[in-house]
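Let me begin by presenting the structure, written as structure tokens, before commenting on it.
The values are calculated or read from the model by the stated rules, or taken from the named source; none is laboratory data. For clarity, every value in this text was computed on a predicted model and none was experimentally measured. A quick note on method: Cβ atoms are made from the backbone with ideal geometry, for glycine too, and the neighbour counts reach across all protein chains shown.
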Amino acid sequence: MAGGGVVRNADGMAEPELVDVVVVGLGVGGEEVAGRLAEAGLSVVGVERDLVGGECPYWGCIPSKMMIRAANALAEARRVDGLAGSAQVRADWAPVAKRIREEATDTWNDRAAVDRFTGKGGRFLRGSGRLDGPGRVRVGDQVFQARRGIVLGTGTRPSIPPIEGLAGTPYWTNHQAIEVAELPATLLIIGGGAIGLELAQVFARFGVGVTVLEASGRVLALEEPESSEVAAAALRADGVEIATEVKIERVGHDDDTFTVYAAGDRSFSAEKLLVVTGRRAHLDELGLDTVGVDATQRYLPVDDRMHVTDGIWAVGDVTGEGAFTHIAMYQASIVVADVLDRARRAEGGPDASGTASVVGGAMGAASAVGGSMGAAGPSGAAGTVPRADYRALPRVTFTDPEVGAVGLTERQARERGINVQVGFTELSSSTRGWIHGGEPGGFIKVIADADQGVLIGATSVGPAGGEVLSALVVAVHAAVPVSQLRHMIYAYPTFHRAIQSALNDLS
Ligand SMILES: Cc1cc2nc3c(=O)[nH]c(=O)nc-3n(C[C@H](O)[C@H](O)[C@H](O)COP(=O)(O)OP(=O)(O)OC[C@H]3O[C@@H](n4cnc5c(N)ncnc54)[C@H](O)[C@@H]3O)c2cc1C
């Protein structure tokens, strides 16, 4: 797995080794970029200090959604009473922990991911990468000179608020919450955002006494207020206690109890404490000063082709454009297209026949470059590299009901001075919502730009809220006129048919 020996000059200093691309951080975004560039024939060094794949497969999306799948099965079984007879449900965490350990994470081992990357021709280095001047990356003793570029996909880590008494206690982050093999009896969660709510509902459905502490006036504070209401009601129905406007002053911990003390003489106690108050990029570790980039920023600003500065690209959470795997993948495809486009032009310009001089030094690689980009969509030819466009950024909180949203919320649209129209419908007033029953509730809300006659945002909350969202994402992404959306045929009786009612309510 190591990346080869260090070449030293007469003074014993490590000589930079010339490669095409160095990718620092092989999370979702970095792994995608590194693998595709290697497949295209470039010499790529991928540097990862922890696990190849990053947060999503080991401590994020995948294991958390496995937990949710299991918790939803329990909830659905509990709905049999009154609907289809009676069911006795006995929750057991063991199969969930086993599935996460064995199927999702290979006991938190990335050998398959490393093999996948090296199988594509990439060279893997385990370690921490750091910029070391223009075009250079240092990993321990080794220094690489990247002639095509450097890609930073270093992600984020949990942002832990500086609460008195918290540091030094065995509080959980998402890592311990995902790795837990035996559930505690009670759990406090600081943070009522998407991750906090998803995990709160899972643990509550498995019998844990969960309390969510949220500093602002509502959970899911970045989404529509109606989403917050439905999500809070659903979690309360599962037995979760939700406390808002909690101004935490200090945390106490003894052998088996955490106590959170808040303003107004409020206090909350539980066996475990999970802190999910957002994520933070650690730019200070990347040697950005050696290339003239300000490392004191919260995120690494990028342009619409993910350039940080000359010869350096960034992908994923570190860019601050949205902490989602689909953003990292979307950005990765742009970086791949851009790096290959520049490489091809540096080698004498695009050649559709594949006979141009070659990226990475082999004739076969040139056609591989064109071929792989063709499969991905953008051709990669000069001038056709796509530019990032986040207008239709979708996001889903996988609570039950799911909270899906795309584009602007009503408030964001009004703050931008847009001539806003809002349409709203309760899912229960649609045939499918009524058939499904009152639980767990939901709605569709659409936000239109009245001057343009198009949707600029939408929210879909319901049993399949994240799936119903896809139609709304297309509408916002492609700026489909509202008049056309109103006159589409919506299958009966689907949840997505409620979109038409919301559109008809636009006023
Ligand atoms: C509990 C949870 C649930 C989530 N659920 C979803 C979901 O359902 N859907 C969704 O879209 N997103 C979800 N996310 C978010 C998603 O996991 C992230 O958006 C995604 O992992 C970002 O990918 P990335 O490549 O930017 O960074 P990361 O996955 O964070 O990977 C960055 C990698 O860089 C490495 N690294 C950092 N610095 C260096 C260095 N100097 N040298 C070498 N390596 C370095 C790190 O070790 C890490 O492996 C969830 C996150 C969490 C925590």
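Results, tabulated for the structure shown:
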quantity: Positions within segment 427-477 being in contact with an Asp or Glu (Cβ under 7 Å, 6 or more places away or on another chain) and among the aromatic types (Phe, Trp, Tyr), in sequence order; calculated: PHE443
quantity: Among the candidates ASP115, ASP132, ASP141, residue that is in the same structural domain as VAL21 (by TED's automatic domain parsing), of a type outside the set (Val, Ile, Thr) and touching a helix residue (DSSP H, G or I) at 6+ places or on another chain (Cβ under 7 Å); calculated: ASP132
quantity: Test for ALA200: is it among the hydrophobic types (A, V, I, L, M, F, W, C), more than 15 Å from the ligand (Cβ to nearest atom), in the same structural domain as ASP254 (by TED's automatic domain parsing) and not in a loop (DSSP other than H, G, I, E, B); calculated: no
quantity: Residue tally, condition surrounded by 17 or more Cβ atoms within 10 Å (Cβ to Cβ) and polar (S, T, N, Q), over segment 429-451; calculated: 1
quantity: Scan of segment 269-285 for residues that are hydrophobic (A, V, I, L, M, F, W, C) and not in a loop (DSSP other than H, G, I, E, B), ordered by number; calculated: ALA270, LEU273, LEU274, VAL275, LEU283
quantity: Qualifying residue in segment 217-234 (condition: in contact with a strand residue (DSSP E or B) (Cβ under 8 Å, 6 or more places away or on another chain) and free of Cβ contacts under 8 Å to residues at least 24 places away in the same chain); calculated: yes
quantity: Count - residues of segment 252-265 that are more than 14 Å from ALA215 (Cβ to Cβ) and touching a residue at least 40 places away in the same chain (Cβ under 8 Å); calculated: 3
quantity: Residues that are crowded, with 21+ Cβ neighbours inside 10 Å and hydroxyl-bearing (Ser, Thr, Tyr), drawn from segment 304-324; calculated: THR319
quantity: Some residue of segment 58-69 being surrounded by fewer than 18 Cβ atoms within 10 Å (Cβ to Cβ), more than 16 Å from PHE124 (Cα to Cα), more than 9 Å from the ligand (Cβ to nearest atom) and at pLDDT 95 or above; calculated: yes
quantity: Selection status of ILE190, within 15 Å of the ligand (Cβ to nearest atom) and farther than 28 Å from SER128 by Cβ; calculated: yes
quantity: Which numbered condition GLN297 misses (of (1) of a type in the set (S, T, N, Q); (2) surrounded by 19 or more Cβ atoms within 10 Å (Cβ to Cβ); (3) assigned to a loop (DSSP other than H, G, I, E, B)); calculated: (2)
quantity: Odd one out for GLY85 among (1) on the phi > 0 side of the Ramachandran plot; (2) within 10 Å of the ligand (Cβ to nearest atom); calculated: (2)
quantity: Which listed residue is in contact with a Ser or Thr (Cβ under 7 Å, 6 or more places away or on another chain), modelled with pLDDT of 95 or more, among the β-branched types (Val, Ile, Thr) and not in a loop (DSSP other than H, G, I, E, B), from VAL335, VAL302, VAL318; calculated: VAL318
